[in-house]
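What follows is a single structure, written as structure tokens, with notes after it.
Taken together, the values in this text are just the output of simple stated rules run on the coordinates, not laboratory data. In this text, all values refer to a predicted model and were calculated from it rather than measured experimentally. Don't worry about glycine lacking a Cβ; one is built from the backbone with ideal geometry, like all the others, and counts go over all protein chains shown.
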Amino acid sequence: MDLKGVALRNIYELCNGMNNNSERAKNFYINIPHYQRPYKWGREQIVNLFRDYIKNKNSSGNEEYFVGSVVAVKKENGEFYGIIDGQQRLTTVYLLNFVSFLLRRAYIEELLLSNKNHKIESQLKELEESYTRILAKTKCEEIKNMRKHLMDKIDELNDACPLDKEKIEKEILYIYYKGMYLPEKNYNDKNYEKNHKEKMRKFFCSEELNLTYQRENYTKKLKEAMSSFYIRLSNAEGPELKEIYTNEDETQKNDKVLEQYVNAIKYIYEEIKHQIISEENALKKCETMLQIISDMMKAIKFCIIVTGNESDAYTLFEVLNDRALAIEDLDLIKNMFFKEYCVHSIKDSEEDKDYNIEKLDRIWGEDIFSSNVGIEKTKLIAYLGTTYLTRDETINPNDGPKYRNIIEEKYINARYINQNKSYEYINIYNDFRVFHMAKIIVDMFDIKFRKNGRNDMAIKAESDMNKSITYKTVHLLNAFHMEGVLSAITNLIMKQFIFESSDCGKREINISEFREFVKNAINKSSEKDDTYRNITRCSYNLWVSVLKSDGYKIPRNIAKRMIKNNCERDSLSLLAEEQTSLNEQLEGWMEKWNYKDGKLVKVKILFIELFKTKKENNKIIYNLVQNQFGENSEIHLDHLEADTIDESNSEKYFYPSDLNEDRNKYVQQLGNFMILDSSDNNEKNNKPLFKAMKYYENMAEHWLIQELKEMLEDDLYCKEIKIRDEVIMVPTEKFFNERKSRIKRYFGAVLSRENIEEKEIKLQHR
């Protein structure tokens, strides 16, 4: 790693050399790269910075306040740093210094007007310090000359006769106003503020700031913000921060970047003023505020870490910020794209790049990762987008902080840089739209990352007669937290759309068209559409593999194969050895299944599937006419024979013939279950089986219920018991074993279809 140096620095020391103590840059000169986001700190972050500083000072008495690390790249000329991490904090301190400049400029003006010249020299030196931290080299010489000229005039004033003093005082004010680009003080002049703004615009226009952006537009916005303020101060009133707003500023009214800077200056000033308890007059208040700022700027320390290249800087950032996916990680991803575009585009001018980056920044921050998306969806979008671009089947959904490196190495470098291809606007635009497509899928399917309580969504999806197998599979995978498998489906959806609609990525991806494409993929009618045939096939195979498997290995292997092979047709099918293994796993988990052990979702889904069929002779036939359950039904997995006995009627319940045998062996296994609407399930409660049958009346026409009734009337599976005048049928061990055998057979049949279009399934002989 090319590490140039590490040191603790306050804002005054920031550009001290990092190679050795003797090296010192001439100016505080920081550059924000093209690909960095604009200044984003609002009131909350600024207030927290100030109040944390005050709290630290009061509680520990420590004169130093550490605010975190700044990761920077030392540029070749050695006079400025490119900031990779820390620009928000640095910019805030930069603006704090600007507020100090405004205050001290107004304070000195009032001292000059009040002839309090004994304080002038020290204040001019402090003003020069603030000045040189705002602006680059040339203006620094100007203010030095102004200070010398002023002090010469003040000395002349002290020695002058009374008749000359008025003239010299006017000359002093003229020198100061000219040097500070200020209009003559006259708050009653209706043009005062307009003149002030014009002079400050001229002042900043002719000079470089010590904090600049490669995106020149951002630098212009910062200059405009600083031109829009002055401190209104007299010995009797103030200090008051005044914002200058003229008719000419209407065009900038809704400029969000400019607004951020303007608001930040206001928040900083408010917090400084908030620290004043009580002072006698405006000048004294101004002195106190200046002292607060000076103390704070000396106390605030950054850990400056300087590298010789951007790659090392990003690596350091990630090491220092080892955590789950956060907004900073998303910014790293975005900025990496911006960097590659700025460096490797050969078609676009710098102006074009600025314009395009602003447009792309809005897409990223507003269309895709807006503040209202939520962390569960944000993580999923980032993962699905990264998987699609990189085709890396090994990515873990929890690798969020590493996505930038993965995308850079396995996509940008592999696809463009190593192939000596340019990376143009159409490329970065479509790459951003990949993440947007991932968001549309997440939104329209209504799925979330590792969110508990998604089982009900999977059951509702399975019950919906209007939804496709793709929709059902996506929700099944989401319920089981199988994002790695889910990515195979989302990859295929996006790939199929781009193939069908976007000339294989040669033109801009149309998001409206993609939204319609996903809408169709969700609807059941798409299963018969050739456009969606591969998506349907893939979804069905994964649906089957998840329900058959006793774990995640085979579904994940299928997904990896699809992702690695870019969803080519051959990768969509199950391998022969996978089929064999899955059948064995299905038989295994059904045989040992116990209500208390889980897999309730699988059993519910398979029962729901059976209720979509009719049974004729030795065949199960899909007749998807209507749902057996209401649209808003909550489906429960119901014990036929109650697992809890009502002791007052215990003789009506099943007991094993061997009294030493555990009753749960029978009542918790597959043969003792049916699905039932929650309202009926709650009312049924712990009733014995012969009384429970009335709650299945709504489904009485279905063959599963008819078969159940027949078994309850068959003395091969039940025994007749007479209690007083009532004759009831109580199930025996044979009932549970036989029904378990049948349910296993039916479940196996449902999952044996080669494709979703197969309607008749021949039942296997037992």
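Descriptive notes on the structure:
- Straight-line cross-link reach from K619 at under 15 Å between alpha-carbon atoms covers these aspartates and glutamates, not counting any fewer than eight positions away in the same chain: E609, E707, E758, E760.
- Remark: C-alpha extents of the stretch 324-449 on the principal axes read 40, 30, 24 Å, sorted largest to smallest.
- Taking a Cβ cut-off of under 11 Å around S526, the surrounding Lys, Arg, Asp and Glu residues balance to a net charge of +2, with basic ones at +1 and acidic ones at -1.
- Amide H to amide H, with H built 1.01 Å from N, K619 comes under 5 Å of L763, counting only residues 5 or more places away or on other chains.
- In terms of packing, defined here as the mean over residues of other Cβ atoms within 10 angstrom, the peptides 519-528, 404-413, 375-384 line up highest first as 375-384, 404-413, 519-528.
- Out-of-range pairs (alpha-carbon distance over 24 Å; input K694/K734; K528/K560; K564/K592; K40/K253; K148/K170; K467/K602): K528/K560; K564/K592
- Ranked by how many other beta carbons lie within 10 Å on average, peptides 208-214, 51-57 from highest: 208-214, 51-57
- Residues with amide H under 5 Å from that of F229, placed H, sequence gap 5 or more: I244
- Taking every Cα-Cα distance in the chain and sorting them into 20 Å bins starting at zero, the pair-distance distribution P(r) comes out as 14, 33, 24, 18, 9, 2, 0 percent.
- Here the 3J(HN,Hα) profile of the stretch 700-717, calculated from phi with Karplus coefficients 6.51, -1.76 and 1.60 at θ = phi - 60°, is 4, 6, 6, 5, 5, 6, 4, 5, 5, 4, 4, 5, 6, 9, 9, 6, 5, 10 Hz, Gly and Pro shown as x.
- Comparing the stretch 477-607 with the 2.2 N^0.38 Å rule of thumb, its C-alpha radius of gyration ratio is 1.17 (two decimals).
- Cα→Cβ-extended label distance, 7 Å offset, between D597 and E508, nm: 5.7 nm
- With contacts taken as Cα pairs under 8 Å at a separation of at least 6 residues, the chain carries a relative contact order of 11 percent.
- Subset of K379/K402; K652/K684; K691/K722; K548/K740; K599/K687; K221/K334 violating a 20 Å alpha-carbon distance limit: K599/K687; K221/K334
- Stretching the chain fully between E720 and R450 yields a gain of 92.2 nm (0.36 nm per residue, less the alpha carbon separation).
- Using the Cα coordinates of the stretch 1-322, the gyration tensor eigenvalues translate into equivalent-ellipsoid semi-axes of 35, 21, 21 Å, sorted from longest to shortest.
- Theoretical gain in end-to-end length, K284 to D249 [0.36 nm per residue, Cα-Cα removed]: 9.2 nm
- 3J(HN,Hα) couplings calculated from phi for the stretch 203-216 with the Karplus curve 6.51 cos²θ - 1.76 cosθ + 1.60 (θ = phi - 60°) are, in sequence order, 4, 6, 4, 8, 9, 7, 7, 7, 10, 10, 10, 4, 7, 4 Hz; Gly and Pro show x.
- Using every pair of distinct Cα positions in the stretch 600-762, the Kirkwood expression returns a hydrodynamic radius of 16.8 angstrom.
- When each of the peptides 169-176, 81-88, 740-747, 708-715 is scored by how many other beta carbons lie within 10 Å of its residues on average, the order from highest to lowest is 81-88, 740-747, 169-176, 708-715.
- Full-extension gain in nm, E424 to S501, via 0.36 nm per residue minus C-alpha separation: 25.7 nm
- Beta bridges per DSSP with both ends in the chain, % antiparallel, nearest 5: 75 percent
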